[in-house]
Amino acid sequence: MNNNFENAVEVVIISPFISNSTNFFPFDKIKNLQKLTIVTTLKPNDLDQYTKVPFFKELFTKFETQNIELIILIENSLHGKIYISKYSDKSAKAIITSANFTNNGLRLNNEWGTTIEDIETINQIEIGIIGKVIHIPISKNQVDDFLKILQENPLPKVGNNLPNLNLSKNLVIKNNPFQIQNNATFWLKPIGVSNDLISIDRVFDEVDSDLHFSKLKPKGVKKNDILITYAVGHLNILSIYRVKSEIKNTEIENDRWPFYVIGENLTPFYGQNWSKQNITITNQKNEVLDKVLFDITPSGKNSFGSLMRGADKLKLTPEFGQYIVNKIIQIDSEIKNYG
């Protein structure tokens, strides 16, 4: 692994566990290094908070004198370990491995992994992981703030008690965390039917789902559009999906819902807990209209009438769509980071 890094101009370290010191890894031997990106976890009530923050501080201090850009990203659902090295000739290598970025993981444990060099595959992997990070990078000043919090909340000295500490609550969500495209359309999409309502114990946490439409091809729905799904009957918002396929057809004769798209679930943690949130399309509509913030439908009628009469989708204004998405993303983040 050291050989891969040695001539790199950019390194990406993706590992949920990280050492508490930089001493175990020969950063100084990466002579051409210009940028280091670290993607890791900072889980609440976890001892790792007390080791990772000093490590972040040490890196910021070391790289500041060497004029190396440091980006630290927190993704608390991270589990995989990947090490990417990029070179001045635009080539790259990636190691996909079981080894965490620790002394034991890289030196002592019996770990396995494989190296890939296909630049397109490496880019897809990197974008796929970093694209899921919804918080802005941790800054040097924020690390200093975290260190103060750690000093004010020392580790428990008795038994195996875990610290009652959650640094993740200080993370800031990006303005556009899921990189929703400017030309994306926001749609309300009902799930279920009046004689078969969605059960409150059903979860919507699948990574990808087939989202079905009626026998009328869903005109206007395209890749990268956002589908805000809600339950027919009780109207609770279930989860937020990004369309990741063209419109497909089941080709099943007399299928009531033959057209469908594959939806990428952007808020699976919310989708697992939707029944506890009391976020409905009605109370969100009323909240916006009561404050006279903006229209909720492009026509300005600001009604869900067509959905109540059986329509399988309704186009929203970008303002209202983003309003709902931001609220669901915030809840999703809180569930993921705080439990």
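Which is under 21 Å from residue 173 (Cβ atoms), in contact with a helix residue (DSSP H, G or I) (Cβ under 7 Å, 6 or more places away or on another chain) and open to solvent by 50 Å² or more (accessible area, probe 1.4 Å), of 140, 132? Steps first, please.
Values: 132 fails: in contact with a helix residue (DSSP H, G or I) (Cβ under 7 Å, 6 or more places away or on another chain).
After ruling out the rest, the residue left standing is 140.
Being in contact (Cβ under 8 Å) with a residue 12 or more places away in the chain and part of a strand (DSSP E or B) is the requirement here; does residue 216 meet it?
Numbers: in contact (Cβ under 8 Å) with a residue 12 or more places away in the chain: yes; part of a strand (DSSP E or B): no.
So residue 216 fails the test.
Out of the stretch 92-110, which residues are surrounded by fewer than 15 Cβ atoms within 10 Å (Cβ to Cβ) and in a loop (DSSP other than H, G, I, E, B)? Give the steps one after another, and end with the answer.
Initial filter on the stretch 92-110 (surrounded by fewer than 15 Cβ atoms within 10 Å (Cβ to Cβ)): 98, 104, 107-110.
Within the stretch 92-110, 98, 109, 110 meet the criteria.
When residues of the stretch 134-174 are filtered for being free of Cβ contacts under 8 Å to residues at least 24 places away in the same chain and either under 23 Å from residue 70 (Cβ atoms) or among the aromatic types (Phe, Trp, Tyr) (or both), how many remain? Before you say what the answer is, go through the steps one by one.
Initially, the stretch 134-174 is screened for residues free of Cβ contacts under 8 Å to residues at least 24 places away in the same chain, giving 139, 141, 148-149, 151-154, 156-161.
Filter once more, keeping what is either under 23 Å from residue 70 (Cβ atoms) or among the aromatic types (Phe, Trp, Tyr) (or both): 139, 141, 148-149, 151.
Adding up the residues that qualify gives 5.
Which residues, taken from the stretch 191-213, are in a strand (DSSP E or B) and open to solvent by 60 Å² or more (accessible area, probe 1.4 Å)? Write out each step before concluding.
The first filter runs over the stretch 191-213 and keeps only residues in a strand (DSSP E or B), leaving 191, 193, 196, 208-213.
The answer is 196, 208, 210, 212.
Which ones in the stretch 143-172 are surrounded by 14 or more Cβ atoms within 10 Å (Cβ to Cβ) and under 22 Å from residue 322 (Cβ atoms)?
If the condition is that a residue be surrounded by 14 or more Cβ atoms within 10 Å (Cβ to Cβ) and under 22 Å from residue 322 (Cβ atoms), then 171 is the only one that fits.
Tally the residues that are in contact (Cβ under 8 Å) with a residue 40 or more places away in the chain, part of a helix (DSSP H, G or I) and surrounded by 14 or more Cβ atoms within 10 Å (Cβ to Cβ), restricting the search to the stretch 44-80.
8
Here is a check on your reading of the model: is residue 12 touching a strand residue (DSSP E or B) at 6+ places or on another chain (Cβ under 8 Å), hydrophobic (A, V, I, L, M, F, W, C) and either touching a residue at least 60 places away in the same chain (Cβ under 8 Å) or at negative phi (or both)?
On the way: touching a strand residue (DSSP E or B) at 6+ places or on another chain (Cβ under 8 Å): yes; hydrophobic (A, V, I, L, M, F, W, C): yes; either touching a residue at least 60 places away in the same chain (Cβ under 8 Å) or at negative phi (or both): yes.
Yes: the conditions hold for residue 12.
Quick one: in the stretch 293-311, which of the residues that are open to solvent by 30 Å² or more (accessible area, probe 1.4 Å) and of a type in the set (Gly, Ala, Ser) is modelled with the lowest pLDDT?
Of everything passing the filter in the stretch 293-311, 310 is modelled with the lowest pLDDT.
Name the pairs: first residue in the stretch 270-286 and under 20 Å from residue 207 (Cβ atoms), second residue surrounded by 15 or more Cβ atoms within 10 Å (Cβ to Cβ) and among the acidic types (Asp, Glu), Cβ to Cβ under 7 Å, at least 6 apart or on different chains?
Qualifying pairs under 7 Å: 270/332; 271/205; 272/205.
I need a count of the residues in the stretch 112-133 that are assigned to a loop (DSSP other than H, G, I, E, B), touching a strand residue (DSSP E or B) at 6+ places or on another chain (Cβ under 6 Å) and closer than 29 Å to residue 49 by Cα. Quick ask: steps written out before the conclusion?
Here is the first cut: in the stretch 112-133, the residues assigned to a loop (DSSP other than H, G, I, E, B) are 112, 117-118, 131-133.
Restricting the remaining residues to those that are touching a strand residue (DSSP E or B) at 6+ places or on another chain (Cβ under 6 Å) gives 117, 133.
Retained after the next criterion (residues that are closer than 29 Å to residue 49 by Cα): 133.
Final tally of qualifying residues: 1.
Could you list, in sequence order, the residues of the stretch 270-292 that are more than 18 Å from residue 232 (Cα to Cα) and open to solvent by 80 Å² or more (accessible area, probe 1.4 Å)?
290, 291, 292
Return yes or no: is residue 252 among the aliphatic types (A, V, I, L, M) and under 26 Å from the mean Cα position of the chain (by Cα)? Before the answer, list the steps.
Details: among the aliphatic types (A, V, I, L, M): yes; under 26 Å from the mean Cα position of the chain (by Cα): no.
Here the answer is no, as residue 252 does not meet what is asked.
Answer yes or no: is there a residue in the stretch 81-91 that is in a loop (DSSP other than H, G, I, E, B), open to solvent by 50 Å² or more (accessible area, probe 1.4 Å), within 21 Å of residue 54 (Cβ to Cβ) and small (Gly, Ala, Ser).
No, that holds for no residue.
So, restricting to helices (runs of 4 or more DSSP H) that lie completely within the stretch 267-339, which ones have at least 1 residues that are among the acidic types (Asp, Glu)? Full working, then the answer.
Values: elements: 268-272, 281-290, 305-308, 318-338.
Per the criteria, 281-290, 318-338.
Tell me, please, whether a residue that is open to solvent by 20 Å² or more (accessible area, probe 1.4 Å), closer than 18 Å to residue 3 by Cα, at pLDDT 90 or above and among the polar types (S, T, N, Q) can be found in the stretch 30-43.
yes
Residue 301 - would you say it is among the basic types (Lys, Arg) and under 24 Å from the mean Cα position of the chain (by Cα)?
Numbers: among the basic types (Lys, Arg): yes; under 24 Å from the mean Cα position of the chain (by Cα): no.
Here the answer is no, as residue 301 does not meet what is asked.
The values are calculated or read from the model by the stated rules, or taken from the named source; none is laboratory data. Everything numeric here is computed off the predicted structure, so don't read it as measured data. When we count neighbours, we look across all protein chains shown, and the Cβ atoms used for this are built from the backbone with ideal geometry, even at glycine. Side chains included, ligands, DNA and RNA excluded: accessible areas come from the protein's heavy atoms. Shrake-Rupley method; radii C 1.70, N 1.55, O 1.52, S 1.80 Å.
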